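*Asks:* My questions will all concern the structure given below.
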Amino acid sequence: MFETLFSPKQIGTVTVKNRLVFAPTTWGLSQEEMILRYRAIAKGGCGMVVGDVPARQTPTAPSLQKKKGFAFYAQVAEVIHEGNALASAQLFDSDGNWKALLPLLPAVLCKKKTPDDLRQALNDSVGPYISSLSAKKVKEITTAYGKAAKKAKEAGFDLIQIHGDRMCGAFLSPLFNNRSDRYGGSLAHRLTFALEAVAAAKTAGLPVEMKFVVRTETYGKAGLLAEEVAEAVRLLEMAGVDSFHVTLANHSALTHTIPPKTHPAFGAEGCFLPFASLVKQAATVPVCTVGAWQHPQQMEECCQKGEADFFAMSRQLICDAAWCEKVRTGQLDQIKYCVRCNRCVDSLMQHKGTRCIFEKGAKEA
């Protein structure tokens, strides 16, 4: 019934068994619970699982460079492979000045400020932070992507994905990037961070994906505008990008990047497909689209039309980890569909972890 959706597709030197991807997700859970989530989702039938992995040390995630952190990521790759899926490590680097948050912590503890206030303060620090980094320091950061990619390969990952948002996306956007050296100014210069990160990651010998972020005049602050997409795709492919994973740029409200069903602009299923279509028109490599995908009929139609090659889901697979297998075996009436209430996002922001409203006890969490 869904022949195209369940047909294999090559990315660089690896073959993904179908067109279904678990999108990179911030969990906010214990390592033990994250392992269980990754195991269930991989076993549920998707072709590839993308996990967040820091390129450098960060206070928000285990480090690949540390023994315990490496062991955790090796276990992540192992349970993904047990489910017969490929494991992709999304390498990211924080672009916020964490020290700027320290004065706000007492107010958060006293509940005079919310976790979302902290997120906004971190976003506000992005421009001054990345614009003030020395060129030597920026080069050290992009070089770290190569070291992390090699460690990820050693841990068992099959692909590397460069997180095109966060620090990379901030460098792409003149709304944040006020530099006047080779890392700022023209589009080609603003792309330098991304190009260096890709080149560094390629030294690991794995296929390299690019999480490609697009912004509009209304939504998103990082990333690129529509008129910059074609040239950016050309340069990134020249640098060695084997696939693009396209989404809306971040550094704005989470309700824009993870839109609920009531969102005024992104309430529909496949809401970010127009951004992926822009990339697809310019790219010669596979393109993955993300954005509230739920129903296989619509995805199959898009795939047959050549509008996208892969479809990434997070909330739907958190809601029903076996979605892919149920679709493949024709058990559509057994699917538990995400209602896009964003209770999972709210739970994360309340430091209770990414939890679905359908989970036992989640409503009380």
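FYI, it's all coordinate maths here, none of it is from the lab. These numbers were taken from a predicted model, which means no experiment stands behind them. Glycine also receives a Cβ, built like all others from the backbone with ideal geometry; neighbour counts cover every protein chain displayed.
*Asks:* For Thr255 and His351 in the same chain, what is the full-extension length gain: residue separation times 0.36 nm, less their Cα-Cα distance, in nm?
*Replies:* Values: separation 96, 0.36 × 96 = 34.56 nm, distance 1.69 nm.
Gain on stretching Thr255 to His351: 32.9 nm.
*Asks:* Kindly provide the pair-distance distribution of segment 295-365 built from C-alpha pairs, with 5 Å bins from 0 and whole-percent values in order of increasing distance.
*Replies:* For segment 295-365, the pair-distance distribution reads 3, 16, 22, 19, 16, 12, 8, 3, 1.
*Asks:* Let me ask another. Give the shape of segment 153-232 as rounded, prolate or oblate, defined through the alpha-carbon gyration tensor: a ≥ b ≥ c are the square roots of its eigenvalues, a/c under 1.5 means rounded, and otherwise the shape is prolate if a/b is larger than b/c and oblate if not. Working shown, then result.
*Replies:* Details: a/c = 2.41, a/b = 1.74, b/c = 1.38.
Here segment 153-232 falls in the prolate category.
*Asks:* Hey, for a label at Gln331 modelled as a point 7 Å past Cα toward Cβ, could you say which residues of segment 283-312 have their backbone N under 17 Å away?
*Replies:* Residues passing the 17 Å test: 296.
*Asks:* Along Cα→Cβ, 7 Å out, is where each label goes; now give me the distance between the ones at Arg182 and Ala135 in nm to one decimal.
*Replies:* 0.6 nm
*Asks:* Could you compute the FRET efficiency for Gln298 and Gln65, with r as their C-beta to C-beta distance and R0 at 56 Å, rounded to 0.05? If you can, show how the numbers build up before the last one.
*Replies:* Details: r = 42 Å, r/R0 = 0.75.
Here the calculated transfer efficiency is 0.85.
*Asks:* With springs only between Cα atoms under 10 Å, which of Thr203, Thr257, Thr354 fluctuates most in a Gaussian network model of the chain?
*Replies:* Comparing Thr203, Thr257, Thr354 in a Gaussian network model of the chain, the most mobile one is Thr203.
*Asks:* Where nothing but the Cβ of Lys and Arg (+1) and of Asp and Glu (-1) is charged, how large is the charge dipole of segment 146-211 around its Cα centre, in debye to the nearest 20? Intermediate values should be presented prior to the final figure.
*Replies:* Numbers: 10 positive and 6 negative charges, 28 e Å.
Roughly 140 debye, rounded to the nearest 20.
*Asks:* Let me ask something additional. In terms of the Cα gyration tensor, with a ≥ b ≥ c the square roots of its eigenvalues, is segment 164-297 rounded because a/c is under 1.5, prolate because a/b exceeds b/c, or oblate?
*Replies:* Values: a/c = 2.05, a/b = 1.32, b/c = 1.56.
It comes out oblate by the Cα gyration axes.
*Asks:* What residues of segment 181-224 lie in the reach of a label at Ala265, counting those whose backbone N is under 12 Å from a point 7 Å from the Cα along Cα→Cβ?
*Replies:* Answer for segment 181-224: 214-222.
*Asks:* If we count every other residue with Cβ under 13 angstrom of Ala201's Cβ, Lys/Arg +1 and Asp/Glu -1, where does the sum land? Don't skip to the end; give the middle numbers.
*Replies:* Working: positive: Lys147, Lys150, Lys151, Lys153, Lys202, Lys211; negative: Asp93, Glu196, Glu209, Asp242.
That works out to +2.
*Asks:* Ok, one more. Just need log10 I(q)/I(0) for the chain at q = 0.06, 0.07, 0.12, 0.13 Å⁻¹, Debye formula, equal scatterers on the alpha-carbon atoms, no solvent, rounded to two decimals.
*Replies:* Treating every Cα as an identical point scatterer, log10 I(q)/I(0) equals -0.20, -0.27, -0.86, -1.04.
*Asks:* While we're on this one: Roughly speaking, what is the centre-to-centre gap between segment 29-81 and segment 284-325 when only Cα atoms are used, to the nearest Å?
*Replies:* Going from one Cα centre to the other spans 22 Å.
*Asks:* Further question: I'd like to know which of Ser180, Thr262, Pro128 lies farthest towards the positive end of the charge dipole of the chain, counting +1 on Cβ of Lys and Arg and -1 on Cβ of Asp and Glu.
*Replies:* Pro128
*Asks:* Kirkwood Rh over Cα pairs of segment 215-365 into Stokes-Einstein at 4 °C, 1.567 mPa s: D in µm²/s? Working shown, then result.
*Replies:* Numbers: Rh = 16.7 Å.
Here the translational diffusion coefficient equals 78 µm²/s.
*Asks:* Working out 0.36 nm times the residue gap between Ala230 and Gln281, then minus their Cα-Cα distance, what length gain in nm do you get to one decimal?
*Replies:* On the way: separation 51, 0.36 × 51 = 18.36 nm, distance 0.80 nm.
Stretched out fully, the Ala230 to Gln281 stretch lengthens by 17.6 nm.
*Asks:* While we're on this one: Quote to one decimal, in nm, the extra length available between Thr13 and Ala199 on full extension: 0.36 nm per residue of separation minus the C-alpha distance between them.
*Replies:* Values: separation 186, 0.36 × 186 = 66.96 nm, distance 1.66 nm.
Full extension of this stretch gives 65.3 nm more.
*Asks:* If you take the charge dipole of the chain about its Cα centre, with +1 on Lys and Arg Cβ and -1 on Asp and Glu Cβ, which of Ala201, Gln31, Leu235 is farthest toward its positive end?
*Replies:* So the residue we want is Gln31.
*Asks:* Could you tell me which GluC sites (Glu not before Pro) in segment 1-96 are loop residues by DSSP with no more than 10 other beta carbons within 10 angstrom of their beta carbon? Before the final figure, lay out the partial values.
*Replies:* Working: sites: Glu3, Glu32, Glu33, Glu78, Glu82; in loops: Glu3.
For GluC sites (Glu not before Pro) across segment 1-96 that sit outside H, G, I, E and B with at most 10 neighbouring Cβ atoms in 10 Å, the list reads Glu3.
*Asks:* Rounded if a/c is under 1.5, else prolate if a/b is larger than b/c, else oblate: which is segment 11-68, with a ≥ b ≥ c the root eigenvalues of its Cα gyration tensor?
*Replies:* Details: a/c = 2.49, a/b = 1.51, b/c = 1.66.
Oblate is the answer for segment 11-68, as a/c is 1.5 or above yet b/c matches or exceeds a/b.
*Asks:* Calculate the dipole size of the chain relative to its Cα centre from +1 charges on Lys and Arg beta carbons and -1 charges on Asp and Glu beta carbons; express the result in debye to the nearest 20.
*Replies:* Details: 44 positive and 35 negative charges, 214 e Å.
That gives the chain a dipole magnitude of about 1020 debye.
*Asks:* Given contacts defined as C-alpha pairs under 8 Å and at least six residues apart, what's the relative contact order of the chain, whole-number percent?
*Replies:* Details: 762 pairs, mean separation 62.6, N = 365.
Here the relative contact order equals 17 percent.
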